[in-house]
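Engineer: Okay, handing you the structure first.
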Amino acid sequence: MQNLGVNAIFTLVSHLVFIWLSFNCLQVIDWKKFYNKSVNPRMLQLLIAFLAVALGYTVSSFFLNIISVSQNLTLLF
């Protein structure tokens, strides 16, 4: 049961770290080239936040899945 709690904390921290990293990476892009000037700048910030969550969650899930598969490979032998 304790292993389940450690796994949950590890997953949560991993998701948050990768979302933060993806948000920082998305800040480098000059988004003003891609959007219409009549659009509210707050909507652009919201779009960047949503993209960061989607990208960060996907990358985090990928790495957590790779770790899980590599741990399961040890059961093969």
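The values are calculated or read from the model by the stated rules, or taken from the named source; none is laboratory data. All values derive from a computational prediction rather than experimental measurement. SASA here: full protein model, heavy atoms, side chains in, ligands and nucleic acids out. Shrake-Rupley method; radii C 1.70, N 1.55, O 1.52, S 1.80 Å.
Engineer: With every protein chain in place, what's the accessible area of Tyr57 (1.4 Å probe, Å², nearest 10)?
Structural biologist: Approximately 120 Å² for this residue.
Engineer: Leaving out ligands, DNA and RNA, and with a 1.4 Å probe, what % of the accessible surface on the chain is carbon or sulfur?
Structural biologist: Numbers: 4660 of 6430 Å².
With neighbouring chains kept in place, the figure for the chain is 72 percent.
Engineer: Could you give me the ³J(HN,Hα) list for the stretch 21-28, computed from phi with Karplus coefficients 6.51, -1.76, 1.60 and θ = phi - 60°, whole Hz, x at Gly and Pro?
Structural biologist: Taking θ as phi minus 60°, the curve returns 5, 5, 5, 5, 5, 6, 5, 6 Hz for the stretch 21-28.
Engineer: Explain nothing, just compute: Karplus ³J(HN,Hα) = 6.51 cos²θ - 1.76 cosθ + 1.60, θ = phi - 60°, for every residue of the stretch 63-77 in order, whole Hz, x for Gly and Pro.
Structural biologist: Taking θ as phi minus 60°, the curve returns 5, 5, 5, 4, 5, 5, 5, 5, 5, 6, 5, 5, 6, 5, 9 Hz for the stretch 63-77.
Engineer: Something else now. Write down the accessible area per residue of the stretch 24-68 in Å², having rolled a 1.4 Å probe over the full set of protein chains. Before the final figure, lay out the partial values.
Structural biologist: Details: 3500 Å² over 45 residues.
That works out to 78 Å² per residue.
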